[in-house]
């Protein structure tokens with residue numbers, strides 16, 4: 001699981017983005033995304049892929065895009 005956070009108090013931005021890979025029941029893979037405001041439930045989106053490599057590439061692409069928009073990797077406890 002990868003957690004990205006964006007905290008800009010001056011602009012009242014306190015956001016998170018969780019990315020996770022999981023196998024599905026049919027031999028494929030899913031990229032599970034949850035995002036929203038820190039402290040509130042997030043929105044959940046699931047993307048399906050045929051291979052683990054495709055899902056991993058999508059996760060890395062999304063992580064790069066979010067980091068370009070100011071998100072940073074957060075420490076998971």
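The values are calculated or read from the model by the stated rules, or taken from the named source; none is laboratory data. Just so it is clear, the model here is predicted, and its values are computed rather than measured. Cβ: placed from backbone, ideal geometry, glycine included. Neighbour counts: every protein chain shown.
Values for this structure:
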{"item": "Residue 76, sole failed condition from (1) at pLDDT 95 or above; (2) within 14 Å of the chain's Cα centre (by Cα); (3) exposed (fewer than 11 other Cβ atoms within 10 Å of the Cβ)", "result": "(1)"}
{"item": "Subset of the stretch 1-59 [more than 17 Å from residue 73 (Cβ to Cβ), assigned to a helix (DSSP H, G or I) and touching a residue at least 12 places away in the same chain (Cβ under 8 Å)]", "result": "52, 54, 55, 58"}
